[in-house]
Amino acid sequence: MDNTPLWSPPAGFIEQSNMQHFINWLKERKNLAFDNYEELWQWSVTDIAVFWTCISEYNKVQFHYVYEDVLVKPREGMIGTQWFKGATLNYAEHIFRNKTGKHPAIVFQSERQPLTEISWAQLEEQVSKAVVFLKQCGITKGDRVVSIMPNIPETVVAFLAAASVGAVWSSCSPDFGNQSVIDRFRQIEPKVLFATDGYTYNGKAFDKRTALQELVKSLPGLKQVVVFPFLDENAVVENTISWAEVMSATAQPLQFEPLPFEHPIWVLYSSGTTGKPKAITHSVGGCLLEHLKTLTLHQDVKPGEKYFWYSTTGWMMWNFSVASLLAGATLVIYEGSAAYPDLNVLWNLAEHAGINHFGGGAAYFIACMKAGLNFIDSNKLKALRTIGSTGSPLPPEAFKWIHESVKKEVWLISFSGGTDICSGFVGGCPLWPVYPGEIQCRLLGCKLEAFDDNGKPVREQLGEMVILEPMPSMPVYFWNDKNNELYRSSYFENYPNIWRHGDWIEITNRQSVIIFGRSDATLNRDGVRIGTSEIYSAVDQVAEISDSLVVCLELEGGKYFMPLFVVMKEGLKLNDEIKSKIKSQLRRQYSPRHVPDEIYGVNEIPYTISGKKMEAPVKKILMGMDASKAASKDTMKNPQALDYFARFKDSIPG
């Protein structure tokens, strides 16, 4: 641990933060006094019903029908927990109560289109027309509306229209393979599909019209398909209607369907690296409260600020970024590659759009660090207040790079949660300093602990991440999951009635959290557990290496084999000198146990479409599983990368 903070709240920052305002509100309105964040957090996970009631009142949540009980727990466990029983509300309604003429609703840029603003009036009109269309299609609350659209304003419009009428939304990004989309959408039997004729990435156009026609044939319950011409304004797809036809409707005053608190708002999906993706269903009310809490209190988003998180429409961070509209922010979206024409493209967007909150995946920031990007003396990014990172653990070196090379006074928020709750478990605290490699705090209302092998909470040591009390945005159910069997097996098999998330973490003595990687991909050498993030943190510092992946295989007789696979920078080849350099770095930075048994050069590391290294599937392949069963290639960014490992498994020592 590094005991020197990279950032501390500057003078006046705490007093002006939404978190401090909430603390003051609790004292004035509820006679609840807290001297520090730790006391506030402890209350939030102990007096749960009162805490979430306060969140709803503080954010002036509009209930059409007032609740009878805030929290009704089942006899045992968390599945079946009822929140705000009897209440009705609408997510989209809470977004549009922020409409204003003072700042735009959306700012958009793509590889092909320059910076464009969409006013709140324009957004409202387009959503209204889309609502008229959905009603003409006979869509009512509970029907499913799906999308395979890029990250463009029209996708936001389609979602808000679906949410307004109470339809259940679900989205895949257009770079998904058809079978992957079918595996997801067929589970929920959609009635309306929004799509585009294609998308662009790295300066290349990808026509999806043929794939779309094949997809439609596999979804027999569809009543209508709408196509937005993203690549070619004159594009025509048979048996579909154009976005222009939808927008030709006469706008009507927006009306919002009052929905039960537990009514589904959207279906998200597990990564699908093995087996059929689980259709994780979240509630309107749960996501509304969770997003208001996290964005306003833990990221300090304020009305009129510009909020950006680089994402595809198939990742839960798209849903979460759209939620910034709940806080009255302007949503900034970008469609295209984060590295085209070079890694400066998103930073230039931040400068030109005046972004206040800039987020992305940890892999993106590591790539910028390795490329040597530096803006510290350029007087750029004046508006930038926070930088958010998620997707995988951000190493301490990247923390330092952000403060040394991007913006010294920026508040770095390392954020971790998942598709499972469409939000975070741990993240930012505007009252506390930031230390390299550490996530500042456990979020309010999230009773998170690290369990040892005996199922006991521990501090200052590696443990299994668990959640001890229910949260409103936990899934209401998995779609078509009879008796909640999949739901239960996904989170509650290891510890009865306790949510096991599948991450190795450490809770420090200053209440920050360090994440070491997925527990199912954790390295175990002679009983000592090592997080993969430690390996990557060290290897990232070896200049000749551009990427890496490590697994640890349990062999017969209690033996272990831990290979490290590395991708060399262009023009370089792995040799004994570089291998020695890697081993020395690991030994020096961590311990001899972190040194791999062997180091192998590969052309590429396998990634999911959402940008996560596929450690667990690689491990399964190397342990003998057929590659086609270990991972679904449709969910991969580079499925050919698995071919090497399928061949390699026969040469594993022992």
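Among all lysine pairs in segment 127-273 that are eight or more places apart or on different chains, how many have alpha carbons less than 19 angstrom apart?
Counting lysine pairs in segment 127-273 gives 10.
Can you list, bin by bin at 10 Å, the percent of alpha carbon pairs in segment 53-110, starting at 0?
The calculated distribution, bin by bin, is 18, 35, 25, 15, 6, 0.
Taking Cα pairs under 8 Å and at least six residues apart, what relative contact order does segment 523-654 come out at, in percent?
22 percent
Out of the DSSP beta bridges found with both residues in the chain, what percent are antiparallel (nearest 5)?
So the antiparallel bridges amount to about 55 percent of the total.
In whole Å, what three semi-axes, largest first, describe the equivalent ellipsoid of the chain built from its Cα gyration tensor (square root of 5 times each eigenvalue)?
36, 30, 26
Given H placed on each backbone N at 1.01 Å, which residues far from Val168 in sequence or on other chains put an amide H within less than 5 Å of it?
For Val168, the qualifying residues are Gly142, Asp143, Arg144, Val145.
What's the carbon and sulfur percent of segment 210-303's accessible surface, probe 1.4 angstrom, rounded to a whole number?
Answer for segment 210-303: carbon and sulfur cover 48 percent of the accessible area.
Report for segment 551-654 the percent antiparallel among DSSP-assigned beta bridges with both residues inside it, nearest 5.
Beta bridges within segment 551-654, antiparallel portion: roughly 50 percent.
Ignoring ligands and nucleic acids, what accessible area does Tyr269 show with a 1.4 Å probe (Å², nearest 10)?
Accessible area, nearest 10 Å²: 30 Å².
Report the number of Lys pairs in segment 1-120 whose alpha-carbons are under 23 Å apart, with separation of 8 or more residues or on distinct chains.
Lysine pairs satisfying the spacing and distance rule in segment 1-120 number 7.
Which of rounded, prolate or oblate describes segment 565-616 when judged by the alpha-carbon gyration tensor and an a/c cut-off of 1.5?
oblate
How much solvent-accessible surface does Tyr495 expose, in Å² to the nearest 10, with a 1.4 Å probe and all protein chains in place?
Taking all protein chains as shown, Tyr495 has close to 40 Å².
Leaving ligands, DNA and RNA out of it, work out the accessible area of Leu331 with a 1.4 Å probe and give it in Å² to the nearest 10.
Surface open to solvent at Leu331 totals about 0 Å².
Would you check segment 327-470 for Lys pairs whose C-alpha atoms are within less than 13 Å, ignoring same-chain pairs closer than 8 in sequence, and give me the count?
Taking the Cα cut-off of 13 Å, the pair count is 6.
Using only alpha carbon pairs under 8 Å that are at least six residues apart, calculate the relative contact order of the chain and give it in whole percent.
Taking the mean separation of contacting Cα pairs over the length of the chain, I get 13 percent.
Over segment 72-161, what portion of Cα pair distances is larger than 16 Å, expressed as a whole percent?
When every Cα pair of segment 72-161 is considered, 67 percent fall beyond 16 Å.
Apply the a/c threshold of 1.5 to the C-alpha gyration tensor of segment 446-487 and tell me whether it is rounded, prolate or oblate.
prolate
Among the DSSP beta bridges whose two residues both lie in segment 320-465, what percent are antiparallel, rounded to the nearest 5?
Around 45 percent antiparallel, to the nearest 5.
Cα to Cα, under 23 Å, and not fewer than 8 places away if on the same chain: which lysines meet these conditions relative to Lys629?
Those lysines meeting the cut-off are Lys276, Lys278, Lys612, Lys613, Lys619, Lys620, Lys637, Lys649.
Between segment 501-575 and segment 324-384, how many Å separate their Cα centres?
28 Å
Which cysteines does the chain leave without a neighbouring Cys Cβ under 4.7 Å?
So far as the 4.7 Å Cβ criterion goes, Cys54, Cys137, Cys172, Cys287, Cys368, Cys422, Cys446, Cys552 stand without a partner in the chain.
In Å², and per residue, what accessible area does the chain have when probed at 1.4 Å with the other protein chains present?
Roughly 39 Å² per residue, with all protein chains present.
Suppose only helical runs count, i.e. DSSP H with n ≥ 4. What mean residue ellipticity at 222 nm does that imply for the chain under -39500 (n - 2.57) per run, divided by all residues and rounded to the nearest 500 deg cm²/dmol?
Mean residue ellipticity, 222 nm, calculated: -8000 deg cm²/dmol.
The values are calculated or read from the model by the stated rules, or taken from the named source; none is laboratory data. Bear in mind the structure is a predicted one, so any value in this text is a computation, not a measurement. Please note: Cβ atoms are built from the backbone with ideal geometry, for glycine as well, and neighbour counts cover all protein chains shown. All accessible areas refer to the heavy atoms of the entire protein, side chains included, with ligands and DNA or RNA removed. Shrake-Rupley method; radii C 1.70, N 1.55, O 1.52, S 1.80 Å.
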